[in-house]
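The values are calculated or read from the model by the stated rules, or taken from the named source; none is laboratory data. Remember, predicted model here, so these are calculated numbers, not experimental data. Using ideal geometry, Cβ is built from the backbone for each residue, glycine included, and neighbour counts are taken over all protein chains shown. Just so you know, the surface numbers come from the protein's heavy atoms only, side chains and all, with ligands and any DNA or RNA stripped out. Shrake-Rupley method; radii C 1.70, N 1.55, O 1.52, S 1.80 Å.
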Amino acid sequence: AEPTGKQETPRDLKHDALERLKELLLMDETSADELSKALDVARRADVDPMVVSRAEEVFIRLVSKQQAALALAAALQAGMIGGLRAAIKKGRSAGIRSKDFRDSSGKGVLEKAKEALAQAEAGVKAELRAAIQAGGLVKLERALAQARECGLEDAEDLLEEAEEKLRAVEARKNRIQLLKNALDSNDIDLLKATIQECEEQDLHKEVDLTKARERLEALERGASKFMLAGAGVLTAVGQQAAQVLGQNLVQRTRATATLRAAMFQEPIELDMLRLAMQQARDVGLVDGPDMQRGLALMEAEQNKAVAVKKVREAAGRRDMRGLRDAIGRGNSVGVSPAKLLTAVNQLLEEQAKLAQLAGDHGLGNVVLADVERERRELHNRVEMASGGLRVVVRIRPLLLPDQQPVQVLQGAVAGHGAHLAVAGASLMSPGSSAGFKGGGTGNGGEEAGVRQNQSLPVVIRADRHTVSVSKVSARTNAPSQGKDDAFRFGAVFGPDCIQAEIFAEAKGLVQSAVDGYNVLVMACGPQRGGKTHTMMGSGHEHRGLVPRVFEELFQIKQKDAWRAELEVDVQMVEVLDSIKMGDLLGHRDHSRSPSKGVLAPSVRMVPQDSATASATTFGRSAGAGSAAGALNVVVDGAVTRRVGTKQELLDLVKEGASNAGRAGESDPRHIVVLLNLSRRNLATGAVTRSKMALADLAGMGQFAHLDVTASYKSLEEVLRALAARQQRVPFRDHALTQVLQDCMGGAAKTLLLLALPPESASRQDSLRGISLASCGTW
């Protein structure tokens with residue numbers, strides 16, 4: 001048969017490229033994206049340089065016009081008068097007409113900006129009056145900024161009233177924070193001075209000064225007892241020594257102690273330091289190392305306070321450029337990441353909204369690519385500020401003495417159907433939700449005798465970053481005298497926390513996974529510590545981290561649907577021992593006997609370069625144990641299911657959980673859900689692949705199965721090797737670490753969630769869990 005076509009020659013390609021350029025140049029509304037692609041083809045085909053040069057000039061004008069349209073979209077989003085005026089002027093200079101860059105309503109971006117400006121100018125006085133009435137700090141700052149940008153000349157009294165209100169609100173806010181810090185400091189003089197300032201500011205409604213005075217009286221009584229206890233010593237020393245200790249020396253000593261308490265406060269609070277410095281001056285301390293250090297700290301803290309205020313003002317104006325610059329200044333003067341985190345998250349949200357608004361107005365990927373790149377880099381910087389490994393600890397409530405082992409859990413996923421009777425499957429296992437409010441009735445598979453002497457907890461949350469473990473009497477197994485052991489982690493949650501607080505620690509990781517980073521969320525710890533309740537939860541209000549991750553993932557998918565297509569493929573395995581795994585989605589005959597065994601998937605490593613075409617980028621994890629660059633874990637033999645909704649994903653996890661433990665043994669197993677994500681940019685066709693692993697590990701401890709103990713030992717060795725930046729990381733020593741290899745180390749992001757029981761009977765197991773979580777970070 002004769003061939004139906006012929007291969008194009010270089011001359012044909014050159015001709016086609018030239019004709020495409022000419023076609024685009026003749027269009028009334030040429031697409032910058034299309035012209036960019038045509039220019040790339042024309043350069044490779046060696047098209048006439050004169051034509052290419054002319055096309056490049058047109059392309060530059062198009063990009064300039066789109067950048068001006070993007071500035072208009074940003075100004076529309078912020079709604080500030082000054083920004084709208086500047087953007088409208090820039091848009092006109094770039095040649096944008098009122099009907100250019102229309103959205104679905106048919107209005108152009110310039111036309112909408114003009115309408116928004118007119119509306120903002122007309123309502124500036126009403127906005128200012130409403131802000132004065134409401135008294136909110138951010139609203140007042142925004143309304144004042146609008147009034148100044150509008151140039152109100154006939155409302156000087158209104159402006160003065162608003163500025164006075166703003167100063168009063170700021171002062172009240174600072175005094176409230178100062179009182180809180182003074183209470184935490186346990187310093188008598190600082191607390192006394194703070195109470196006096198609060199009384200002068202008339203803050204009786206905002207703070208409980210009665211409790212503050214009671215706390216002050218208690219501290220003073222304690223100090224009096226200490227002085228009485230030392231009276232005998234003074235008598236023995238004699239009256240001569242007592243005369244030397246004059247009143248002024250005592251005042252200086254107390255002022256020095258107060259100043260040091262303020263300087264050693266973490267983080268340092270400017271108003272508290274200012275009070276302490278003033279007290280020191282009042283008693284004649286004007287020089288010396290403490291005063292010099294205090295002055296230096298005060299200057300540094302004042303710079304930080306100015307930077308934080310700039311961040312808040314920019315956030316109130318929704319000024320992305322100003323907010324970005326203010327965050328940069330805050331970082332440069334040493335403002336703590338925690339204080340900037342809210343502003344950074346707001347900037348991320350504003351960037352995402354801007355990208356969608358600009359897309360609605362038809363702006364091309366040429367300008368939106370920069371917005372998306374900046375958003376991803378900023379989001380990654382936020383996540384990396386917590387380190388590649390972040391440890392979060394949750395301490396569950398005490399169990400009641402009459403709570404008995406129950407082998408059924410009606411969990412968040414199980415809530416879609418009947419109760420699931422699961423033989424030791426950790427992701428849906430019984431017991432992990434015991435003691436939590438709304439967490440079900442099960443409490444795990446340990447002997448009832450373990451519950452003795454549990455009326456007092458020995459594992460407690462000391463503060464938001466510290467776990468305290470009390471000593472225990474060998475005879476009574478109850479808390480005993482002695483200094484508690486303290487351990488610091490990224491975040492610590494006590495028995496009264498709710499599921500939403502735990503998810504807040506992991507929420508940003510879902511966006512990281514969509515952006516192309518490999519992510520691991522792993523729950524571990526002693527038996528009956530609350531791992532599964534934290535991961536799965538029960539009902540809707542108390543649903544756990546896993547259902548919330550699924551919700552967030554598909555919310556991101558829906559939000560970004562206009563510019564990207566996200567595919568989610570799922571695998572679910574249980575780790576049986578050091579070499580074997582079971583496929584939890586591969587079972588079709590649920591009635592088969594356990595003796596037939598389970599499917600046995602295997603793990604292999606695939607180099608990123610050979611795993612995909614050049615247009616595709618894989619997850620950004622470079623395992624520390626990889627000698628030849630980043631590797632991706634592929635689980636061969638395990639069924640992969642594609643899901644399109646969060647409900648499909650929840651049902652699939654329920655199906656997998658019902659298959660757990662079918663290997664013929666009832667011992668708990670580690671269960672891992674692997675979400676393989678593929679995101680395709682609809683404008684460029686570029687594909688980003690990444691992975692999010694959710695692991696619910698079996699309980700560790702003295703009653704744990706030998707295989708479970710061995711897996712925790714291997715996991716600890718891997719964590720220590722990664723923290724020490726060792727050349728070889730022993731991922732391959734156990735199936736658990738092997739299947740999670742590409743989600744640990746390198747650019748991957750790992751959240752280790754340690755769930756601890758508070759009872760004295762579980763103290764040693766809790767310390768083992770703390771040891772695992774204290775291996776180090778990277």
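Looking across the range 669-688, the residues that are in contact with a helix residue (DSSP H, G or I) (Cβ under 7 Å, 6 or more places away or on another chain) and either among the basic types (Lys, Arg) or open to solvent by 10 Å² or more (accessible area, probe 1.4 Å) (or both) come down to 669, 679, 683, 684. In the range 147-176, the residues that are under 13 Å from residue 127 (Cα atoms) and touching a residue at least 40 places away in the same chain (Cβ under 8 Å) reach residues that are open to solvent by 30 Å² or more (accessible area, probe 1.4 Å) and acidic (Asp, Glu) with C-beta atoms within less than 9 angstrom, at least six apart or across chains, in these pairs: 150/121. For the range 97-108, the tally of residues that are of a type outside the set (S, T, N, Q) and surrounded by fewer than 18 Cβ atoms within 10 Å (Cβ to Cβ) stands at 6. Can you tell me which of 71, 55, 94 is modelled with pLDDT under 90, within 33 Å of the chain's Cα centre (by Cα) and buried (at least 17 other Cβ atoms within 10 Å of the Cβ)? Every option except 71 fails the conditions. The residues in the range 135-162 that are open to solvent by 30 Å² or more (accessible area, probe 1.4 Å) and either touching a Gly at 6+ places or on another chain (Cβ under 6 Å) or closer than 26 Å to residue 195 by Cα (or both) can be counted, and the count is 3. In this structure, residue 139 does not satisfy being within 30 Å of residue 221 (Cβ to Cβ), basic (Lys, Arg) and assigned to a helix (DSSP H, G or I). Taking the listed residues 735, 723, 748, 755, the one that is aliphatic (A, V, I, L, M), open to solvent by less than 10 Å² (accessible area, probe 1.4 Å) and either at pLDDT 95 or above or in contact with a Cys (Cβ under 6 Å, 6 or more places away or on another chain) (or both) is 755, with no other qualifying.
Of all residues in the range 286-337, those satisfying the criterion of being open to solvent by 50 Å² or more (accessible area, probe 1.4 Å), farther than 19 Å from residue 139 by Cα and not in a helix (DSSP H, G or I) are 286, 287, 333.
Is it true that some residue in the range 122-131 is without any contact (Cβ under 8 Å) to a residue 12 or more places away in the chain, more than 21 Å from residue 89 (Cα to Cα), among the charged types (D, E, K, R) and part of a helix (DSSP H, G or I)? Checked the range 122-131: no residue is without any contact (Cβ under 8 Å) to a residue 12 or more places away in the chain, more than 21 Å from residue 89 (Cα to Cα), among the charged types (D, E, K, R) and part of a helix (DSSP H, G or I). Could you check, for the range 489-500, whether at least one of its residues is surrounded by 17 or more Cβ atoms within 10 Å (Cβ to Cβ), in contact with a Leu (Cβ under 9 Å, 6 or more places away or on another chain) and among the aliphatic types (A, V, I, L, M)? No, the range 489-500 has no match at all.
Inspect the range 689-703 for any residue being among the aliphatic types (A, V, I, L, M), open to solvent by 10 Å² or more (accessible area, probe 1.4 Å) and not in a strand (DSSP E or B) and give the result as yes or no. No, the range 689-703 has no match at all.
So that you can scan it fast, the table gives a plain yes or no per residue for (1) open to solvent by 30 Å² or more (accessible area, probe 1.4 Å); (2) over 28 Å from residue 355 (Cβ atoms); (3) in contact with a Ser or Thr (Cβ under 6 Å, 6 or more places away or on another chain); (4) assigned to a helix (DSSP H, G or I):
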residue: 11; (1), (2), (3), (4): yes, yes, no, yes
residue: 30; (1), (2), (3), (4): no, no, no, no
residue: 60; (1), (2), (3), (4): yes, no, no, yes
residue: 75; (1), (2), (3), (4): no, no, no, yes
residue: 86; (1), (2), (3), (4): yes, no, no, yes
residue: 90; (1), (2), (3), (4): yes, no, no, yes
residue: 110; (1), (2), (3), (4): no, no, yes, yes
residue: 114; (1), (2), (3), (4): yes, no, no, yes
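Might you let me know whether the range 705-716 holds any residue that is open to solvent by less than 30 Å² (accessible area, probe 1.4 Å), of a type in the set (Asp, Glu) and either out of contact with any helix residue (DSSP H, G or I) (no Cβ under 6 Å at 6 or more places or on another chain) or on the phi < 0 side of the Ramachandran plot (or both)? Checked against the condition, which is being open to solvent by less than 30 Å² (accessible area, probe 1.4 Å), of a type in the set (Asp, Glu) and either out of contact with any helix residue (DSSP H, G or I) (no Cβ under 6 Å at 6 or more places or on another chain) or on the phi < 0 side of the Ramachandran plot (or both), the range 705-716 yields no hits at all. Do the conditions hold for residue 267, that is, is it open to solvent by 60 Å² or more (accessible area, probe 1.4 Å), closer than 24 Å to residue 191 by Cα and at pLDDT below 75? For residue 267, the condition - open to solvent by 60 Å² or more (accessible area, probe 1.4 Å), closer than 24 Å to residue 191 by Cα and at pLDDT below 75 - is met. Tallying residues that are touching a Leu at 6+ places or on another chain (Cβ under 8 Å) and over 21 Å from residue 192 (Cα atoms) within the range 272-290 yields 1. Residue count for the range 19-28 under the criterion of being part of a helix (DSSP H, G or I) and open to solvent by 40 Å² or more (accessible area, probe 1.4 Å): the result is 5. If we scan the range 498-508, do we find a residue that is touching a Lys or Arg at 6+ places or on another chain (Cβ under 7 Å), touching a residue at least 40 places away in the same chain (Cβ under 8 Å), more than 16 Å from residue 675 (Cα to Cα) and not polar (S, T, N, Q)? Yes, there is a match, as at least one residue in the range 498-508 is touching a Lys or Arg at 6+ places or on another chain (Cβ under 7 Å), touching a residue at least 40 places away in the same chain (Cβ under 8 Å), more than 16 Å from residue 675 (Cα to Cα) and not polar (S, T, N, Q).
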